[in-house]
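Colleague: Input: one structure, supplied below.
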Amino acid sequence: MTRVALVTGGTRGIGAAIAIALKDAGYSVAASYAGNVEAAEKFTVETGIPTYQWSVVDYDACEKGIAQVESDLGPVEVLVNNAGITRDGMFHKMTRDAWHEVIDTNLNGVFNMTHPIWPGMRSRKFGRVINISSINGQKGQMGQTNYSASKAGDLGLTKALAQEGAFVGITVNAVCPGYIGTEMVRAIPEKVLNERIIPQIPVGRLGEPEEIARCVVFLASDDAGFITGSTISANGGQFVV
């Protein structure tokens, strides 16, 4: 029976690469998105992967969206919590809105998505939860106290929840990308990329979204059944744990 995978923020960037890689690996994939309808429609046309719109900030919307996915495709057995935002700024200038928007999406959103799916995984005694954190959740980053806190929180959640899932057949792991060549990163001025960012990466280049996707496909597989509570650092050697 084909396993169902749900990828949040799955229509662009790293999320899109993950959704496509899971489909190529034989999963029945659904991708959720928050707001960019045009990008979602284009993604579905190009890939055949169905997309669903809701905000991970809204618990009730997550419940309803998950229910629709499961009605259409079957029980979600692989959940990839990829949706995330940034609202960067130095701490002394950071607004409460900028803080709460990032925490609500990047950390509370992981709860809002995982919590409704968790009971089904427990009852079936199988599940894969894969949280996309960040290098900046591991090491911190000036101007990103909100983002770094949210992504570090994702790692704490991963480690704790893994201990609860282990005895009922559920693994919970995280992937921490470094600088990946998404549309957002490639929009950074070339001078900044070449003089300030890439020199910090020992392999001498940006990562590719597909490299993160391959990590996720492995963690979702049966081959990774003995791996839980772990973090894969995919950052080209920029930060070594």
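The values are calculated or read from the model by the stated rules, or taken from the named source; none is laboratory data. Just so it is clear, the model here is predicted, and its values are computed rather than measured. Positions of Cβ are backbone-derived with ideal geometry, glycine not excepted, and every protein chain shown enters the neighbour counts.
Colleague: Count, please, the residues in the stretch 1-12 that happen to be surrounded by fewer than 23 Cβ atoms within 10 Å (Cβ to Cβ) and either assigned to a strand (DSSP E or B) or more than 12 Å from the chain's Cα centre (by Cα) (or both).
Modeller: Matching residues across the stretch 1-12 total 4.
Colleague: In the stretch 199-241, what residues are closer than 30 Å to Met121 by Cβ, among the aromatic types (Phe, Trp, Tyr) and in a loop (DSSP other than H, G, I, E, B)?
Modeller: Phe226
Colleague: Moving to a separate point now. Looking at Gly156, Gly236, which one is farther than 23 Å from Thr2 by Cα and buried (at least 19 other Cβ atoms within 10 Å of the Cβ)?
Modeller: Gly236
Colleague: Could you tell me whether any residue of the stretch 162-177 is under 15 Å from Thr86 (Cβ atoms) and in contact with a helix residue (DSSP H, G or I) (Cβ under 8 Å, 6 or more places away or on another chain)?
Modeller: yes
Colleague: If you check Gly89, Gly140, Gly74, which single one turns out to be more than 13 Å from Thr8 (Cβ to Cβ), surrounded by fewer than 17 Cβ atoms within 10 Å (Cβ to Cβ) and in contact with a strand residue (DSSP E or B) (Cβ under 7 Å, 6 or more places away or on another chain)?
Modeller: After ruling out the rest, the residue left standing is Gly74.
Colleague: Can you pull out the residues in the stretch 38-78 that are under 24 Å from Gly165 (Cα atoms), assigned to a helix (DSSP H, G or I) and of a type in the set (Val, Ile, Thr)?
Modeller: Those that are under 24 Å from Gly165 (Cα atoms), assigned to a helix (DSSP H, G or I) and of a type in the set (Val, Ile, Thr): Ile66, Val69.
Colleague: Still on this structure: When Phe218 is evaluated against the numbered criteria (1) under 16 Å from the mean Cα position of the chain (by Cα); (2) in contact (Cβ under 8 Å) with a residue 60 or more places away in the chain, which criterion, by number, is the only one it fails?
Modeller: Here Phe218 meets the rest and fails (2).
Colleague: Right, next: Would you point out the residue of the stretch 161-188, among those that are surrounded by fewer than 19 Cβ atoms within 10 Å (Cβ to Cβ) and touching a residue at least 24 places away in the same chain (Cβ under 8 Å), that is farthest from the chain's Cα centre (by Cα)? Break it down into steps so the answer makes sense when it comes.
Modeller: Our first condition is that a residue be surrounded by fewer than 19 Cβ atoms within 10 Å (Cβ to Cβ); within the stretch 161-188, this holds for 163-164, 166-169, 181, 183-188.
Those still in the list that are touching a residue at least 24 places away in the same chain (Cβ under 8 Å) too: 163, 166, 168-169, 181, 183-184.
Details: Gln163: 20, Ala166: 21, Val168: 23, Gly169: 21, Gly181: 16, Glu183: 16, Met184: 16 Å.
So the residue we want is Val168.
Colleague: Also: Would you mind finding the one in Gly84, Gly26, Gly15 that is within 19 Å of Gly127 (Cβ to Cβ), at pLDDT 95 or above, not in a strand (DSSP E or B) and not aliphatic (A, V, I, L, M)? Outline the logic, then answer.
Modeller: Details: Gly84 fails: within 19 Å of Gly127 (Cβ to Cβ); Gly15 fails: within 19 Å of Gly127 (Cβ to Cβ).
It is Gly26.
Colleague: Given the conditions (1) in a helix (DSSP H, G or I); (2) within 19 Å of the chain's Cα centre (by Cα); (3) touching a residue at least 24 places away in the same chain (Cβ under 8 Å), which single one is not true for Asn136?
Modeller: Among (1) in a helix (DSSP H, G or I); (2) within 19 Å of the chain's Cα centre (by Cα); (3) touching a residue at least 24 places away in the same chain (Cβ under 8 Å), the lone unmet condition for Asn136 is (3).
Colleague: Under 7 Å between Cβ atoms, which residue pairs at least 6 apart in sequence (or on different chains) link something in the stretch 198-210 that is without any contact (Cβ under 8 Å) to a residue 24 or more places away in the chain with a partner that is part of a loop (DSSP other than H, G, I, E, B) and surrounded by fewer than 14 Cβ atoms within 10 Å (Cβ to Cβ)?
Modeller: As it stands, the answer is Ile198/Gly204; Ile198/Arg205, since those pairs meet every condition given.
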